[in-house]
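A.B. asks: My questions will all concern the structure given below.
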There are 2 protein chains.
Amino acid sequence: MGKTLIFGHKSPDTDTIASALVYADLKNTLGFEAQPARLGEVSKETQFVLDYFGVEAPAYIEKVDESVDSVILVDHNEFQQSVDNIGDVRIAEVIDHHKVSNFETKEPLYFRAEPVGCTATILNKMHKENGVILSKENAGLLLSAIISDTLLLKSPTCTTADTEAAHELAEIAGVDLDKYGLDMLKSGADLNDKSALDLVTMDAKEFKMGEAKVQIAQVNAVDTSQIYKAQTAIEKEMEQKISDNGLELFLFVATDILENDSDVLAMGSAKGHVEKAFDVTLDENNRALLKGVVSRKKQIVTNLTEEFTT
Amino acid sequence: MGKTLIFGHKSPDTDTIASALVYADLKNTLGFEAQPARLGEVSKETQFVLDYFGVEAPAYIEKVDESVDSVILVDHNEFQQSVDNIGDVRIAEVIDHHKVSNFETKEPLYFRAEPVGCTATILNKMHKENGVILSKENAGLLLSAIISDTLLLKSPTCTTADTEAAHELAEIAGVDLDKYGLDMLKSGADLNDKSALDLVTMDAKEFKMGEAKVQIAQVNAVDTSQIYKAQTAIEKEMEQKISDNGLELFLFVATDILENDSDVLAMGSAKGHVEKAFDVTLDENNRALLKGVVSRKKQIVTNLTEEFTT
């Protein structure tokens, strides 16, 4: 029997990396061999987390090779967010907290999605269900994933289950939730060394909305005006992505982690949909401030999908 | 807030009806209002079960009306097997044991699929997870669903989890597993009063295989040769379905519940795929005996899909 690989989505964020690492560990503890992997570069925020808890990043893979018997997807299910040759491999499991879309299998599988803020919250529960105690490091990884996905429990995606899990995990990990959380988010929001290309790719996800292809990139910042000093260069990279990938819309979302707002930049033939979806007017720079919007999943993708499909 | 409806697939079988009834009961016990429903006629086997345990069938619905706020799908996820206007309603949950295909949502949801033989096995587990004791009637319904889907624990789809659940549930329901199971299967296999149209619709499911539309109807019998006395009439109904629904293949599967074989009848432009998928030759009556094949899901759909997509 070949091996089992566990990985999250492309342009990995902290939940994707932490969930792959911790779930592989849980599988191994339960007697099923599995190896974590990643489909892209580790973000600065995630690197802060790995360094803090002394954990190695999973190995990078470009595609699933023939030594692999089956894969487990964490933190995503949509094929366009997964490894390029996902259509050729057997998907044994999915653990996720997103909507289900562009996903199918030929055989029954273990598919577990829950409408919570973070995959890590589900994994915390799975440890309890299996009577496995989390190590300090793994608790730290899961905690960091929750902080990252819920912007320190402030995002509308954050559920009671996420908040409870975060407090539990902070205790096991031995950190002060608020202090550690803000340090972690700030480390990720340090964008000084990022190129315009980095900014539009580091946390970009592609979606099919009706017949349209839409890419949404999100960056966290402590001061979004800093980011837009490079707006011309960012626009150039977005235009390139639009033409390379045949996108109808590229939405760049700069989220202020202290104010909990997002300053967005929209390009592509369907940018008018952004105005309708959020009831705003893009200014002459194609930008608009989305008050109180911090969640791509719950506040952006849902509204935009509605606009593209009705 | 509108109501929540729970239903299984069209052409309901015992797992679909039992799971809708028992999950609605569990939801209500846990404080969430939910009503069971069904999308088609109750089969003879299912009626035997309902009569035995003194339970009413869920109400029939043709479509989801506007009083409904959200739906929960049990025992299926593929939209073509669901209510006709499934695309217009919010799917809050899915509890299933099939492959995932032609399914998508706009929002995150609770999606639980496990590769076991029967939805009822998952529901039995969910009662334990929630600390809810099954009533004698509900245990009887879940037991009957397992017996039905696994042909009394003999199908290759039957897992250790199904077998264990069946024994547990038989104890709570106060029945002898083997005796009750055989009586129940025989009641469903009594096809004397069935018309040819009944036979090709009573447990028919449609699948998309690659670009092709395939319908597979299955009936259980104690003597399959009895069924084929009406072969000419059955063929006529199959031809009608092929032309009404634009099918590439209609496969009629008569399963011998004592011998655990299936005598199949294939019609449609793609009937050659049946020969290749099972390495058999259809005789001059378009029939072939598939030795040891009893499971549509695990032995038929997987092999045929492979043939249609490679």
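A.B. asks: What's the extension gain from B:Asp193 to B:Thr163 if we count 0.36 nm per residue and subtract their Cα-Cα distance? If you can, show how the numbers build up before the last one.
C.D. replies: Values: separation 30, 0.36 × 30 = 10.80 nm, distance 3.24 nm.
Fully extending the segment from B:Asp193 to B:Thr163 adds 7.6 nm.
A.B. asks: With axes computed from alpha carbons, what is the tilt in degrees of helix A:160-173 against the longest principal axis of chain A, rounded to the nearest 10 within 0 to 90?
C.D. replies: Tilt relative to chain A: about 60 degrees.
A.B. asks: What does the charge dipole of segment A:111-216 about its Cα centre add up to, to the nearest 20 debye, if the Cβ of each Lys and Arg holds +1 and the Cβ of each Asp and Glu holds -1?
C.D. replies: Numbers: 11 positive and 17 negative charges, 50 e Å.
So the dipole magnitude of segment A:111-216 works out to roughly 240 debye.
A.B. asks: Amide H of B:Arg38: which non-local residues (sequence gap of 5 or more, or other chain) have their own amide H closer than 5 Å, using H built in the peptide plane?
C.D. replies: Excluding prolines and chain starts, which carry no amide H, the hits are B:Ala59, B:Tyr60, B:Ile61.
A.B. asks: Per residue, how many Å² of accessible area does chain A show with a 1.4 Å probe? Kindly include the intermediate steps, with their values, before the conclusion.
C.D. replies: Values: 12780 Å² over 310 residues.
The answer is 41 Å² per residue.
A.B. asks: Further question: For A:Glu66 and A:Lys208, FRET efficiency with R0 = 25 Å and r from the beta-carbon atoms, rounded to 0.05? Walk me through the intermediate numbers first.
C.D. replies: Values: r = 29 Å, r/R0 = 1.16.
The pair A:Lys208/A:Glu66 has a calculated efficiency of 0.30.
A.B. asks: Sticking with this one: Filter the cross-link list A:Lys125/A:Lys298; B:Lys213/B:Lys271; B:Lys10/B:Lys213; A:Lys10/A:Lys241; A:Lys236/B:Lys106; B:Lys44/B:Lys236 down to pairs whose alpha-carbon distance in this structure exceeds 19 Å.
C.D. replies: Numbers: A:Lys125/A:Lys298 22 Å; B:Lys213/B:Lys271 12 Å; B:Lys10/B:Lys213 16 Å; A:Lys10/A:Lys241 15 Å; A:Lys236/B:Lys106 31 Å; B:Lys44/B:Lys236 24 Å.
Violating the 19 Å Cα-Cα cut-off are A:Lys125/A:Lys298; A:Lys236/B:Lys106; B:Lys44/B:Lys236.
A.B. asks: In nanometres, what is the gap between the two model label sites at A:Ser269 and B:Glu259, each 7 Å from Cα along Cα-to-Cβ?
C.D. replies: Output for this residue pair reads 6.0 nm.
A.B. asks: Segment A:249-310: which trypsin sites (Lys or Arg not before Pro) are DSSP loop and have at most 15 other beta-carbon atoms within 10 angstrom?
C.D. replies: On the way: sites: A:Lys271, A:Lys276, A:Arg287, A:Lys291, A:Arg296, A:Lys297, A:Lys298; in loops: A:Lys271, A:Lys291.
Of the trypsin sites (Lys or Arg not before Pro), the ones in loops of segment A:249-310 whose Cβ has at most 15 other Cβ atoms within 10 Å are A:Lys291.
A.B. asks: In a shell of Cβ-Cβ distance under 10 Å around B:Pro12, excluding B:Pro12 itself, what net charge do Lys and Arg (+1) and Asp and Glu (-1) give?
C.D. replies: Working: positive: B:Lys10, B:Arg38; negative: B:Asp13, B:Asp15, B:Glu41, B:Asp75, B:Asp203.
Residues near B:Pro12 contribute -3 overall.
A.B. asks: Considering only A:Leu169, A:Leu251, A:Leu109, give the residue with the highest GNM mean-square fluctuation for chain A, with springs between Cα atoms whenever their separation is below 10 Å.
C.D. replies: Sorting by GNM fluctuation, first place goes to A:Leu109.
A.B. asks: State whether segment A:1-130 is rounded, prolate or oblate according to the following rule on the C-alpha gyration tensor (a ≥ b ≥ c being the square roots of its eigenvalues): a/c under 1.5 gives rounded; otherwise a/b larger than b/c gives prolate, and the remaining case gives oblate. It would help to have the intermediate numbers written out before the result.
C.D. replies: Working: a/c = 1.28, a/b = 1.20, b/c = 1.07.
Because its axes are fairly even, with a/c under 1.5, segment A:1-130 counts as rounded.
A.B. asks: Using amide H atoms built in the peptide plane, which far-off residues or other-chain residues are under 5 Å from B:Ala212 H to H?
C.D. replies: Excluding prolines and chain starts, which carry no amide H, there are no hits.
A.B. asks: Roughly how large is the A-B contact in terms of buried accessible area, totalled over both chains, probe 1.4 Å, nearest 100 Å²? Numbers along the way, then the final one.
C.D. replies: Numbers: alone 13790 and 13800 Å², together 25560 Å².
Adding both sides of the contact gives about 2000 Å².
A.B. asks: Below 8 Å, C-alpha to C-alpha, sequence gap of six or more: please give me the relative contact order for segment A:62-105 in percent.
C.D. replies: Numbers: 61 pairs, mean separation 20.4, N = 44.
Result for segment A:62-105 is 46 percent.
A.B. asks: Counting helices only, and only those DSSP H runs with n ≥ 4, report the 222 nm mean residue ellipticity of chain B as the sum of -39,500 (n - 2.57) divided by its residues, in deg cm²/dmol to the nearest 500.
C.D. replies: Details: 11 runs with 119 residues, N = 310.
Estimated from H runs of four or more residues: -11500 deg cm²/dmol.
A.B. asks: Considering only protein heavy atoms, with the full assembly of protein chains and a 1.4 angstrom probe, order A:Lys10, A:Lys236, B:Lys128 by accessible area, largest first.
C.D. replies: Working: A:Lys10 70, A:Lys236 150, B:Lys128 120 Å².
Per-residue accessible area, sorted high to low, gives A:Lys236, B:Lys128, A:Lys10.
A.B. asks: For chain A, with a Gaussian network of springs between Cα atoms less than 10 Å apart, report the residue from A:Asn192, A:Asn28, A:Asn245 with the top mean-square fluctuation.
C.D. replies: For chain A, modelled as a Gaussian network with Cα springs under 10 Å, the answer is A:Asn192.
A.B. asks: Roughly speaking, what is the centre-to-centre gap between segment B:73-117 and segment B:235-266 when only Cα atoms are used, to the nearest Å?
C.D. replies: Here the two parts' Cα centres lie 25 Å apart.
A.B. asks: Round to a whole angstrom and tell me the spacing of the C-alpha centers of segment B:30-63 and segment A:151-173.
C.D. replies: Here the two parts' Cα centres lie 40 Å apart.
A.B. asks: Of B:Lys136/B:Lys208; B:Lys136/B:Lys186; B:Lys179/B:Lys276, which ones are farther than 30 Å apart at the Cα?
C.D. replies: Details: B:Lys136/B:Lys208 39 Å; B:Lys136/B:Lys186 22 Å; B:Lys179/B:Lys276 38 Å.
Those over the limit are B:Lys136/B:Lys208; B:Lys179/B:Lys276.
A.B. asks: At a 1.4 Å probe, which residues in segment A:90-123 are at least 50 Å² less accessible with all protein chains present than in their chain isolated?
C.D. replies: Buried by 50 Å² or more upon assembly, which counts only protein chains, are A:Lys99, A:Val100, A:Lys106, A:Pro108, A:Leu109, A:Tyr110, A:Phe111, A:Pro115.
A.B. asks: Something else: Just want to confirm a number: the relative contact order over segment B:159-225, from Cα pairs under 8 angstrom separated by 6+ residues, in percent.
C.D. replies: Numbers: 42 pairs, mean separation 17.3, N = 67.
RCO, segment B:159-225: 26 percent.
A.B. asks: What are the ³J(HN,Hα) values, in whole Hz, obtained from phi via the Karplus relation 6.51 cos²θ - 1.76 cosθ + 1.60 with θ = phi - 60°, for each residue of segment A:220-228 in sequence order, with x given for Gly and Pro?
C.D. replies: My calculation for segment A:220-228 gives 9, 8, 8, 8, 5, 5, 4, 4, 7 Hz in order.
A.B. asks: Can I ask one more? Would you mind computing, in nm to one decimal, how far apart the modelled labels at A:Glu107 and B:Ser225 are, each placed 7 Å from Cα along Cα→Cβ?
C.D. replies: 3.7 nm
A.B. asks: Given the options A:Leu265, A:Ile86, A:Ile242, identify the residue whose Cα lies farthest towards the positive end of the charge dipole of chain A (+1 on Cβ of Lys, Arg; -1 on Cβ of Asp, Glu).
C.D. replies: With unit charges placed on the Cβ atoms, the residue in question is A:Ile86.
A.B. asks: I need the phi-derived Karplus couplings for segment B:13-27: 6.51 cos²θ - 1.76 cosθ + 1.60, θ = phi - 60°, integer Hz, Gly and Pro marked x.
C.D. replies: Taking θ as phi minus 60°, the curve returns 9, 5, 5, 4, 5, 4, 5, 4, 5, 6, 5, 4, 4, 5, 4 Hz for segment B:13-27.
A.B. asks: Leaving ligands, DNA and RNA out of it, report the carbon-plus-sulfur percent of the accessible area of segment B:180-310 at a 1.4 Å probe.
C.D. replies: Values: 2500 of 5730 Å².
Carbon and sulfur together cover 44 percent of it.
The values are calculated or read from the model by the stated rules, or taken from the named source; none is laboratory data. Only a predicted model underlies this, so the values are computations on that prediction, with no experimental measurement involved. Neighbour counts run over all protein chains shown; Cβ positions are idealised from the backbone, glycine included. Just the protein is used for accessible areas: all its heavy atoms, side chains included, with ligands, DNA and RNA removed. Shrake-Rupley method; radii C 1.70, N 1.55, O 1.52, S 1.80 Å.
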